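Input: a single structure, listed below in structure tokens.
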Protein chains: 2
Amino acid sequence: MQPMPTRLPPADRDEIVRTAENLFREFLRDRGLKYTDEREDILGAVMGTDEHFEAEQLLFLMRQQNLRVGKATVYRTLKLLVECGIVKEVHFSNKQVHYEHTYGQDPHDHMVCRRCGRIIEFDAKDVARLRTLIAAEHRFHALAHRFQIMGLCETCTKSCPIGPQARLLGGRKKKRPNKEPGTRRT
Amino acid sequence: MQPMPTRLPPADRDEIVRTAENLFREFLRDRGLKYTDEREDILGAVMGTDEHFEAEQLLFLMRQQNLRVGKATVYRTLKLLVECGIVKEVHFSNKQVHYEHTYGQDPHDHMVCRRCGRIIEFDAKDVARLRTLIAAEHRFHALAHRFQIMGLCETCTKSCPIGPQARLLGGRKKKRPNKEPGTRRT
DNA sequence: GTCAATGCAAACATTTTGCAACTCT
DNA sequence: AGAGTTGCAAAATGTTTGCATTGAC
């Protein structure tokens, strides 16, 4: 879906996928849960995507590969994968939750372009350091963070030097989308 | 709802509420929109809360004060207030959106205790500085950020010195809290 | 053989929308 | 007067759940 989403040499990749599978299997076993075909397929699909995705997209992707699983199972399994630490939730919009697999990747956070929606990842090391510092100041024990920078990517900045925030992503949409004439009144 | 939620001397407060009203009025006028009683009431209610709230809560609060507005209007107006910069969206859970008015306050971000849900605010200056730095590195023009630290507050850290993350907030809810491992293991 | 997992559809919760009546400006 | 606004209830989302059936261990 994007130019070069892969962040790892394909050699390491298989290795990592395998390790993730083992991790998940153990995680399930420890809890008396089962490693089913569906769960295996879903993990496979997740690990095969280096993009951010939403539940429905994953489902669609799997259907294209002739892997048939129910929507509910996807949701249920994603939840497990999050608990297990292989997948992370990302909250870009206020709508659906996005996911990304983070297993075998360096921790990173995201920049979101408000105009074109492009997403840029950046190393989270500095953020993590700052978070620990801030937490300590408040006697808080930091376990994780969510960080997101919103703004304009290089391209969009150029094409809109000053544009007084003219119609940024997320602005209100026009009225009538497309309506069909008819009697609706109750 | 909390010890000392107010962050401003009451004197400044009225001043700020008034300024916010003006800001909103201008914002509306500039766009050919109207400053209606409902919008005024909603802004009032919003400015009267130093807490984070969700749409439905605000509605409830207003009803208690005999201010009757429709739910749809609340949603529509909150959206305007966000656009206007008086209100900010906060995303604590994956469920509903939370809001807070930020007008006249120092920018801050939040720490969320995973155990008790407590929310601690902290100055966002350092975060903002870091965000600008990171953005510049990627030739990105930062306009805003979302930052949230998840972990354990002081109290909860004490009451759970090491607790291997036993049932943190946000964990799965179903199933009985602590069940006996019957015949797992094979 | 058991207990958990699946798929489906119905249930949910939150937010958005269409529309007729109504109100600022 | 007229464009914008309101409230209501219906619709739209995205996610979860109940339950009978299927499947892993």
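In the set (1) within 16 Å of the chain's Cα centre (by Cα); (2) modelled with pLDDT of 95 or more, the condition left unmet by B:Pro107 is number (2). Report yes if B:Tyr99 is touching a strand residue (DSSP E or B) at 6+ places or on another chain (Cβ under 9 Å), closer than 15 Å to B:Phe53 by Cβ, among the hydroxyl-bearing types (Ser, Thr, Tyr) and more than 7 Å from chain A (Cβ to nearest Cβ), otherwise no. For B:Tyr99, the condition - touching a strand residue (DSSP E or B) at 6+ places or on another chain (Cβ under 9 Å), closer than 15 Å to B:Phe53 by Cβ, among the hydroxyl-bearing types (Ser, Thr, Tyr) and more than 7 Å from chain A (Cβ to nearest Cβ) - is met. For region B:72-106, the tally of residues that are among the hydrophobic types (A, V, I, L, M, F, W, C), within 12 Å of DNA strand D (Cβ to nearest atom) and surrounded by fewer than 16 Cβ atoms within 10 Å (Cβ to Cβ) stands at 1. Selection of first residues in region B:129-158 that are more than 7 Å from chain A (Cβ to nearest Cβ) and of second residues that are modelled with pLDDT of 95 or more, restricted to Cβ pairs under 7 Å at least 6 apart or on distinct chains, gives the following pairs, ordered by first then second residue: B:Thr132/B:Ala142. Here the condition is being acidic (Asp, Glu) and open to solvent by 60 Å² or more (accessible area, probe 1.4 Å); of A:Asp109, A:Asp123, it holds for A:Asp123 alone.
Counting the residues of region B:29-71 that are open to solvent by 30 Å² or more (accessible area, probe 1.4 Å), within 14 Å of chain A (Cβ to nearest Cβ) and either assigned to a helix (DSSP H, G or I) or more than 11 Å from DNA strand C (Cβ to nearest atom) (or both) gives 2. Taking region B:5-28 as the range and being within 12 Å of DNA strand C (Cβ to nearest atom) and either at positive phi or modelled with pLDDT under 90 (or both) as the test, no residue passes.
Pairs linking a residue in region B:78-104 that is more than 18 Å from B:Arg39 (Cβ to Cβ) to a residue that is open to solvent by 40 Å² or more (accessible area, probe 1.4 Å) and among the hydroxyl-bearing types (Ser, Thr, Tyr), with Cβ atoms under 9 Å and 6 or more positions apart or on different chains, are B:Gly104/B:Thr19. The set of residues from region A:73-88 being in a helix (DSSP H, G or I) and within 11 Å of chain B (Cβ to nearest Cβ) comprises A:Arg76, A:Lys79, A:Leu80, A:Val82, A:Glu83.
The values are calculated or read from the model by the stated rules, or taken from the named source; none is laboratory data. Note that the coordinates shown come from a computational prediction; the quantities given were computed from them, not determined experimentally. Neighbour counts run over all protein chains shown; Cβ positions are idealised from the backbone, glycine included. Accessible surface areas use protein heavy atoms only, side chains included; no ligands, DNA or RNA. Shrake-Rupley method; radii C 1.70, N 1.55, O 1.52, S 1.80 Å.
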